[in-house]
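Worksheet: one structure, shown below.
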Amino acid sequence: IKQLQIVQDKSARKTLFFVYFYFAGEHLRVCPQGDTCCTQEMEDKFGQQSKQDFENLVDEMSHELRSTFVSRHKRFDEFFLELLENTERSLNEMFVRTYGKPYMQNSEVFENLFAELKRYYTGGNVNLEEMLNDFWSRLLERMFTLLNSQYIITEDYLECISKYTDQLKPFGDVPRKLKAQVTRAFIAARTFVQGLSVGREVAQRVSKVNNTPACIRALTKMLYCPFCQGMPAVKPCKNYCLNVMKGCLANQADLDPEWNQYIDAMLLVAQRLEGPFNIESVMEPIDVKISEAIMNMQDNSGQVTYRVFQGCGQPKPAGMTRSTRGVSDVFNARFRPYSPEERPTTAAGTSLDRLVVDIKEKLKLSKKFWSNLPEALCVEDRVTAGNASDEDCWNGHSKGRYFPEVQKDGLTNQVNNPEVGVDITRPDTFIRQQIMALRVMTNKLKNAYNGNDIAFQDSSDEGSGSGSGSGCTEVCTTDMDAAVTEVPVVKADRSGPVDSASLHTPSLAPPTILALSVLTLHRQWR
């Protein structure tokens, strides 16, 4: 049978002539076996092409989703790491200018602090509370040794001092407030960037579809069998396309409930980052807060030394005289924070608030992505002929209306799919792995929302975390929130000297004068 088809190509202003030769189609395994112009070899090639077309379509449709997670993860990570670097540099510059050579000789105490904070953020096994407690203990040991340089302070004596740290509170209330702020902000930031990473990986993996033989047959029948009937311009009916795509993407649709919960949890943590857990507002003034703690130690050094001597005994004299400089030679300035124009800009080019707002908007758009994917694929400019009631679309057998009902989403709803044979008893193990990854991440995000780091919770008592959290298992507000949102008293001035006469210096006993020379005496620290 010979058929002549004339097609007007308006763009090229010419007429195209197609000649089709038809013969019996008993050899076909996918397309209708009536009169056809396709050989078995052509049908096999159509099967390969339909598989490639489908993979390309899913890849194209998921490109924006994948790009969103890749770019936002990169921006947030750059922002955070540069924030840490700027904060450490600011502290170093301020302390060099304030405390001079003694600080430079012992700056590893502060370098270790920032190294551990960075290690925690990048996924290291760091307990924030223990690490911060250790920082303050090391600082106390160094300062006590400095303030009592006329004595021999041994390792055993320093160990005794550490037992009285909680009672002495040598740094005032700064360590408690800073620990509450830093732990919650870092838990939220680390978990959030981990969440972006998980979303990126899941989107990239699930977008690489694994087609079953039944799916490839259905795609071939829908996309290329019209060619075998001499109807290359006839596109599939929309509802027909939806049933094919829902069958081929049944496992991806099962990802959607867990995906939506994960997105909701990400949005919750984003709210924390904008509010009380804002890492930017915690880190930028940290140098001022630590300086304030040092000043508290100086102001209370006499009382601290007296109580330590009571509890640990008086150490042996060093047996040598040491010169002590006057108060005015030690501190001739207080510090004030940098003005906004002096704040270094970040790689992200925006404040944390603006960055988080941008990420939130993109996250909201990604909800229900996997269940909406069939609908997104079956649009007129991609696959279908448009309106489902159109009489001129391909229904899988001929040109005409498609009558079967559109199936619901998910694997179990494909039991009666008329277009794709789906074994609902055999879920895709790869997709199930991604569902589990999202479930684990969602749990971490919910804990981070409450300030809990589940990596350090006591497994023997799930109700109260032994790590950095408050122990809340649901969305809750604790008394720690108040500490997080408190505006610190800024005593430090980062710009340089002021009139030393304006500083009030009370009458001090010799130990207290020694205290005020902290970090300025030249000695070998432990």
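The values are calculated or read from the model by the stated rules, or taken from the named source; none is laboratory data. Please read these numbers as outputs of a predicted model, since none were measured by experiment. All Cβ positions, glycine included, derive from the backbone under ideal geometry; neighbour counts span all protein chains shown. SASA here: full protein model, heavy atoms, side chains in, ligands and nucleic acids out. Shrake-Rupley method; radii C 1.70, N 1.55, O 1.52, S 1.80 Å.
Each row is one residue, and each column tells you yes or no for (1) farther than 30 Å from residue 454 by Cα; (2) in a helix (DSSP H, G or I); (3) not assigned by the TED database to the domain that holds residue 298.
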{"site": "112", "(1), (2), (3)": "no, yes, no"}
{"site": "130", "(1), (2), (3)": "no, yes, no"}
{"site": "140", "(1), (2), (3)": "no, yes, no"}
{"site": "144", "(1), (2), (3)": "yes, yes, no"}
{"site": "153", "(1), (2), (3)": "yes, no, no"}
{"site": "156", "(1), (2), (3)": "yes, yes, no"}
{"site": "159", "(1), (2), (3)": "yes, yes, no"}
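Say whether the condition of being outside any helix (DSSP H, G or I), surrounded by fewer than 24 Cβ atoms within 10 Å (Cβ to Cβ) and either of a type in the set (Lys, Arg) or not assigned by the TED database to the domain that holds residue 374 (or both) is met by at least one residue in the range 193-213. Yes; the residues of the range 193-213 include at least one that is outside any helix (DSSP H, G or I), surrounded by fewer than 24 Cβ atoms within 10 Å (Cβ to Cβ) and either of a type in the set (Lys, Arg) or not assigned by the TED database to the domain that holds residue 374 (or both). When the criteria are applied in full, residue 125 fails the requirement of being in the same structural domain as residue 225 (by the TED database), surrounded by fewer than 21 Cβ atoms within 10 Å (Cβ to Cβ) and more than 30 Å from residue 454 (Cβ to Cβ). If you filter the range 409-428 down to residues that are among the charged types (D, E, K, R) and touching a helix residue (DSSP H, G or I) at 6+ places or on another chain (Cβ under 8 Å), you find that the one that is surrounded by the fewest Cβ atoms within 10 Å (Cβ to Cβ) is 428. Looking at 167, 105, just one residue is touching a helix residue (DSSP H, G or I) at 6+ places or on another chain (Cβ under 9 Å), among the polar types (S, T, N, Q) and assigned by the TED database to the domain that holds residue 295, and that residue is 167. One residue stands out in the range 219-246 among those that are β-branched (Val, Ile, Thr) and within 41 Å of the chain's Cα centre (by Cα): the one that is surrounded by the fewest Cβ atoms within 10 Å (Cβ to Cβ), namely 220. Are any of the residues in the range 169-189 over 24 Å from the mean Cα position of the chain (by Cα) and of a type in the set (Val, Ile, Thr)? Scanning the range 169-189 turns up at least one residue that is over 24 Å from the mean Cα position of the chain (by Cα) and of a type in the set (Val, Ile, Thr). Residues considered: 389, 328. Of these, the only one that is over 28 Å from the mean Cα position of the chain (by Cα), of a type in the set (Gly, Ala, Ser), assigned to a helix (DSSP H, G or I) and at pLDDT below 90 is 328. Would you mention how many residues in the range 292-312 are at pLDDT 90 or above and of a type in the set (Gly, Ala, Ser)? Of the residues in the range 292-312, 1 are at pLDDT 90 or above and of a type in the set (Gly, Ala, Ser). Residues of the range 277-320 being open to solvent by 30 Å² or more (accessible area, probe 1.4 Å), acidic (Asp, Glu), within 24 Å of residue 78 (Cα to Cα) and assigned to a helix (DSSP H, G or I), which ones? Residue satisfying the conditions is 280 alone. All of (1) touching a Ser or Thr at 6+ places or on another chain (Cβ under 7 Å); (2) free of Cβ contacts under 8 Å to residues at least 60 places away in the same chain hold for residue 237 with one exception: (2). Cβ separations smaller than 9 Å between residues 6+ apart or across chains give the following pairs from the range 23-39 residues that are at pLDDT below 75 to residues that are assigned to a loop (DSSP other than H, G, I, E, B) and aliphatic (A, V, I, L, M): 23/1; 35/1; 36/28. Only one of the numbered conditions (1) open to solvent by less than 30 Å² (accessible area, probe 1.4 Å); (2) more than 20 Å from residue 291 (Cα to Cα) is not met by residue 141, and that is (2).
Which of the residues that make up the range 27-67 are over 12 Å from residue 225 (Cα atoms) and open to solvent by less than 20 Å² (accessible area, probe 1.4 Å)? Within the range 27-67, 54, 58, 62, 65 qualify. Residue 152 fulfils the conditions (1) touching a strand residue (DSSP E or B) at 6+ places or on another chain (Cβ under 9 Å); (2) surrounded by 16 or more Cβ atoms within 10 Å (Cβ to Cβ) except for a single criterion, (2).
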